[in-house]
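Each reported figure results from applying straightforward, stated rules to the coordinates on display, with no laboratory input. Nothing here was measured: the structure is a model prediction, and the numbers come from that model. Every residue, glycine as well, gets a Cβ built from its backbone with ideal geometry; the counts of neighbours run over all protein chains shown.
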């Protein structure tokens, strides 16, 4: 499964917003961009797409930034990714008609796309934040070796 850098950046950005959900403080674009090595101008464009999709809101001004609108448990990875990637249709085909082999292959691709969509629907931002927290705790508990 391959996704564009834009999709990855959108997921990173919205996870940062999810981590700050309920704090009342908007996340600044520059802070997210610097923390993850994302070009600020590109990140702004992504956040505007997420805003247009109704996932985030923005606040202008010196203390401005972006906030997640819904609780992290109510936003799936598919919700975020579908703003950037088009999951509604399987890959374009050269011809709608075709041999039985071609039709069988198209049917298989549709099944894969459906399973992919169901998997992404089942993973919420809250789930991913829990995974990140566990990974952070595991990393902190590993011994450090010095040479």
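Relative to the current alpha-carbon distance between residue 25 and residue 4, full extension at 0.36 nm per residue lengthens the span by 4.6 nm.
Grab the DSSP H runs of the chain that are 4 residues or longer, score each as -39,500 (n - 2.57), total them, divide by all residues and round the 222 nm result to the nearest 500 deg cm²/dmol.
Theoretical 222 nm ellipticity from helices: -18000 deg cm²/dmol.
For the pair residue 59 and residue 74, the difference between a 0.36 nm per residue extended length and the Cα-Cα distance amounts to 3.2 nm. Distance between the pseudo-spin-label points of residue 109 and residue 97 (7 Å out from Cα toward the beta carbon): 1.9 nm. Relative to the longest principal axis of the Cα atoms of the chain, the long axis of helix 125-141 lies at roughly 60 degrees. Seen against the Cα atoms of the chain and their longest principal axis, helix 5-19 is set at about 40 degrees.
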